[in-house]
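Undergrad: I'd like to ask some things about the structure below.
No lab work stands behind these numbers, since they all come straight from the coordinates. Just so it is clear, the structure is predicted and the values come from calculations on it, not from any experiment. Note: ideal-geometry Cβ built from the backbone for every residue, glycine included; neighbour counts use all protein chains shown.
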Amino acid sequence: MEVSRIISEIDAQISKLQQARALLAGTTAAAGRTGPGRPKGSKNAAATAPATKTARKRKLSPEGRKRIADAMKKRWAERRKQSSKG
């Protein structure tokens, strides 16, 4: 057996033992694996996520709501006219 194969088998055994230890200790096995994305606590995480102010919810006035509703009704009426012709 060559040395690189022995090392890879030892690493596989270590991984299996760590998973078994995590299960026995009550922690999840997924905690040992890393997924895509930046790891927690990385130094540049705060720099990439700019501090944003909480966005205020826009409110539509009753007049504005009525204006939009009237425009939509007009649009639907035109559609109905075109579909009945064609």
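Undergrad: Taking the number of other C-beta atoms within 10 Å as the exposure measure, put K74, K40 in order starting with the fewest.
TA: On the way: K74 10, K40 6.
Ordered by Cβ neighbours within 10 Å, fewest first: K40, K74.
Undergrad: List the lysines whose Cα lies under 28 Å from the Cα of K53, skipping any in the same chain that are fewer than 8 positions away.
TA: The reachable lysines, counting only those whose Cα sits under 28 Å from K53, are K40, K43.
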